[in-house]
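The structure appears below as structure tokens.
Rule-based calculations on the coordinates, nothing more; no lab input. All values derive from a computational prediction rather than experimental measurement.
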Amino acid sequence: MKGYLVIAVVIATLCLSTVQSQISRDPCKYFPCENGQCVAPNDVPRCECFTGYIYNPVLQTCVLLLPDPCAGFSCGNGVCIAPNGRPICECDPGFKFDAGRIFNKCVRIPGSEV
């Protein structure tokens, strides 16, 4: 009877260690993936973000994808930039941004030769 008890303990120990190693091998266990789902092909975790979200590697999570503030914003003689989420024009030489006009765009600086 003593032999059977030893075999049962060994089998239980092996089963427990197998379950514990499978649990601890989950690469997504401690990988933050808010607003998405962690997947781990080849045991390398990464986020698959839900629609409308994009992965931010600094935060290591999915963040809301905001629309481009420069979409549909024409500067004329310059390019649109949005340093604070608000579109403004970075104008070509000889032009300046005129926000006082009906259409915000780059206008020629009086007296400048381009």
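Taking all Cα pairs closer than 8 Å and separated by 6 or more residues, the relative contact order of segment 57-114 comes to 25 percent. Using 0.36 nm per residue and subtracting the Cα-Cα separation, the extra length available between V79 and L59 on full extension is 4.3 nm.
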